[in-house]
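Visitor: Here it is, the structure, as structure tokens.
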Amino acid sequence: MTSQLVTRDLEFSYGNGPVLDGITLDIPSGKVTAIVGPNACGKSTLLRCLARLIVPKSGAALLNGTPLHRQNTRAVARAIALLPQSAEAPTGMRVIDLVARGRTPHQNPLQQWSDRDERVVREALTQVGLEDEADRPLSDLSGGQRQRAWIAMVLAQDTGILLLDEPTTFLDLHYQIGTLKLVRQLQQERDLTVVMVLHDINLAARFADHIIALRSGGIVCQGTPKEVVTKANIFAIYDLHSEIITGPIDDLPHVIPL
């Protein structure tokens, strides 16, 4: 059964006015959703609410009809995996040890490491193309390889919902495209529900099925890339005049700033 992740009248504040203001969403199951918008519009805060890292001031994020903050922590961790922005690992940690951390929600004092844990970790490494790098220190890898290792860790968590907070940050264009192609591939192979925060609207249009655009803690618009990426919407989201062209290969909209 596919898990349903939604929000209803979600509000959150850090004390200086609302960061999220009445957010109601139905995250499409089995699809890739991108959250876009200007800096400080609430993108990462929304993702943290969806991951149960913070409790909303009012309203709720719900998993299968029950507010996340009322659910068992371990049960949520078996359903939703989060890759935070700028994740860090201890100095000298090997790739395989990082990926093995993803199995923590599936262990308990009576059952520690199992054959299944080993198999899931190895499969995650293979899926991201790092099976030959398993014993290398994470610090020895390139930026793109390190991001693949972190993605392998959340894959090893073996959830149906994957939340990624700016997975292309600090990566050059080659690795940005490679990382998002990997996310799309894994979503299709595992029938995952993926929600990712992205800064680049053109990358969102290329790799997401559904786009949610925020501004000042509210939803400006949402829908398919063709529905969201219009001149009127780009101005409403970013205060930016633009032309929208259609990609010659993928027939998707592409923003040209003016």
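Visitor: Report the gain in length on full extension from Ser13 to Thr91: 0.36 nm times residue separation, minus Cα-Cα distance, nm rounded to one decimal. List each step's numbers first, then the result.
Guide: Values: separation 78, 0.36 × 78 = 28.08 nm, distance 3.45 nm.
Result for the pair: 24.6 nm of gain on full extension.
Visitor: Continuing with this model, one more query. Considering only lysines 8 or more places apart in sequence, or on different chains, count the pairs in the chain whose C-alpha atoms sit under 24 Å apart. Walk me through the numbers before you get to the answer.
Guide: Working: Lys31/Lys43; Lys31/Lys181; Lys31/Lys226; Lys43/Lys57; Lys43/Lys181; Lys43/Lys226; Lys43/Lys231; Lys181/Lys226.
Taking the Cα cut-off of 24 Å, the pair count is 8.
Visitor: Express the carbon and sulfur contribution to the solvent-accessible surface of the chain as a percent, rounded to the nearest whole number, probe 1.4 angstrom.
Guide: Working: 6060 of 12380 Å².
Carbon with sulfur: 49 percent of the solvent-accessible area.
Visitor: Which residue, Asn233, Asn108, Asn202, tops the fluctuation ranking in a GNM of the chain built on C-alpha contacts under 10 Å?
Guide: Answer for the Gaussian network model of the chain: Asn108.
Visitor: Specify the angular offset, from 0 to 90 degrees and rounded to the nearest 10, of the alpha carbon long axis of helix 143-156 from the longest principal axis of the alpha carbons in the chain.
Guide: The angle comes out at about 70 degrees.
Visitor: Springs between alpha-carbon atoms under 10 Å, Gaussian network over the chain: tell me which of Thr126, Thr246, Thr33 tops the mean-square fluctuations.
Guide: Sorting by GNM fluctuation, first place goes to Thr246.
Visitor: Also: What nm distance separates the two modelled labels at Phe170 and Ala40, each placed 7 Å from Cα along Cα→Cβ?
Guide: 2.3 nm
Visitor: What order do Arg206, Arg74 take when sorted by accessible area (1.4 Å probe), most exposed first? Provide the component values of the computation, followed by the final result.
Guide: On the way: Arg206 120, Arg74 100 Å².
Output order, biggest surface exposure first: Arg206, Arg74.
Visitor: Right, another one. At a probe radius of 1.4 Å, what is the per-residue accessible area of Asp239, in Å² to the nearest 10?
Guide: Number for this one is 90 Å².
Visitor: Report the net charge of residues surrounding Arg101, where surrounding means a beta-carbon distance below 12 angstrom and charges are Lys +1, Arg +1, Asp -1, Glu -1. Don't jump to the answer; show the numbers that get you there.
Guide: On the way: positive: Arg94, Arg103; negative: Asp97, Asp117.
Charge balance in the 12 Å sphere: 0.
Visitor: If you take the Cα Rg of segment 196-245 and divide it by 2.2 N^0.38 Å, with N the number of residues, what do you get? Each step should come with its number before you reach the end.
Guide: On the way: Rg = 10.0 Å, N = 50, 2.2 N^0.38 = 9.7 Å.
Scaled against compact globular proteins, the figure is 1.03.
Visitor: Around Leu180, with a cut-off of 11 angstrom between Cβ atoms, what is the net charge of the other residues, counting Lys and Arg +1 and Asp and Glu -1? Each step should come with its number before you reach the end.
Guide: Numbers: positive: Lys181, Arg184, Arg206; negative: Asp200.
So the surrounding residues net to +2.
Visitor: If N is the number of residues in the chain, what value comes out of its Cα radius of gyration divided by 2.2 N^0.38 Å? Could the numbers behind the result be given before it?
Guide: On the way: Rg = 18.5 Å, N = 258, 2.2 N^0.38 = 18.1 Å.
Computed over Cα atoms of the chain, the ratio equals 1.02.
Visitor: Can you list which of the chymotrypsin sites (Phe, Trp or Tyr not before Pro) found in segment 136-242 are DSSP loop residues with at most 12 other C-beta atoms within 10 Å?
Guide: On the way: sites: Trp150, Phe170, Tyr175, Phe207, Phe235, Tyr238; in loops: Phe170.
Those satisfying the criteria are Phe170.
Visitor: Contour minus end-to-end for Ile245 and Gln111, with contour as 0.36 nm per residue of separation and end-to-end as the Cα-Cα distance? If you can, show how the numbers build up before the last one.
Guide: Working: separation 134, 0.36 × 134 = 48.24 nm, distance 5.53 nm.
Value of the extension gain: 42.7 nm.
Visitor: On a full-extension model of 0.36 nm per residue, what is the gain between Gln71 and Thr230, subtracting their alpha-carbon distance, rounded to one decimal in nm?
Guide: Numbers: separation 159, 0.36 × 159 = 57.24 nm, distance 3.91 nm.
Between Gln71 and Thr230, full extension yields an extra 53.3 nm.
Visitor: Above 14 Å lies some portion of the pair distances; for segment 145-200, what is it as a whole percent of all C-alpha pairs? Show your work: numbers first, answer last.
Guide: Values: 791 of 1540 pairs.
Counting pairs separated by more than 14 Å, the tail of P(r) holds 51 percent.
Visitor: Post the alpha-carbon centroid distance, segment 75-138 to segment 228-255, in whole angstrom.
Guide: Each part's Cα centre sits 38 Å from the other's.
Visitor: To continue, here is another question. If I take all pairs of Cα atoms in segment 104-163, what percentage of them are more than 14 Å from each other?
Guide: Working: 1020 of 1770 pairs.
That tail contains 58 percent of the Cα-Cα pairs.
Visitor: Looking only at segment 89-226, where both bridge partners belong to it, what percent of the DSSP beta bridges are antiparallel (to the nearest 5)? Please list the in-between numbers first.
Guide: On the way: 7 of 12 bridges.
Given both bridge residues lie in segment 89-226, the antiparallel proportion sits at roughly 60 percent.
Visitor: Now for a separate question. Just by accessible area at a 1.4 angstrom probe, what is the order of Glu133, Glu118, Glu88, Glu189 from largest to smallest?
Guide: On the way: Glu133 40, Glu118 70, Glu88 160, Glu189 110 Å².
Putting Glu133, Glu118, Glu88, Glu189 in descending order of accessible area: Glu88, Glu189, Glu118, Glu133.
Visitor: Okay, moving on. How large is ³J(HN,Hα), in whole Hz, for each residue of segment 36-42 in order, when computed from phi with the Karplus curve 6.51 cos²θ - 1.76 cosθ + 1.60 and θ = phi - 60°, using x for Gly and Pro?
Guide: 10, x, x, 4, 6, 8, x
Visitor: Would you work out the relative contact order for segment 172-258, in percent, from Cα pairs under 8 angstrom that are 6 or more residues apart?
Guide: Working: 98 pairs, mean separation 16.5, N = 87.
Dividing the mean separation by the residue count of segment 172-258 yields 19 percent.
Visitor: Compute log10 of I(q)/I(0) for segment 1-116 with the Debye formula, placing one identical point scatterer on every Cα and leaving out solvent, at q = 0.15, 0.19, 0.22 Å⁻¹, to two decimals.
Guide: Calculated log10 I(q)/I(0) at the listed q: -0.80, -1.12, -1.30.
Visitor: Let me ask something else about it. I'd like the Karplus ³J(HN,Hα) series for segment 176-187: coefficients 6.51, -1.76, 1.60, θ = phi - 60°, whole numbers in Hz, and an x wherever there's a Gly or Pro.
Guide: Karplus values, whole Hz, x for Gly and Pro: 4, 5, x, 5, 6, 5, 5, 4, 4, 4, 5, 4.
The values are calculated or read from the model by the stated rules, or taken from the named source; none is laboratory data. None of these values were measured; they are calculated from a predicted model. Neighbour counts run over all protein chains shown; Cβ positions are idealised from the backbone, glycine included. Ligands, DNA and RNA are stripped out before the accessible areas are found, and what is left, the full protein with its side chains, is counted by its heavy atoms. Shrake-Rupley method; radii C 1.70, N 1.55, O 1.52, S 1.80 Å.
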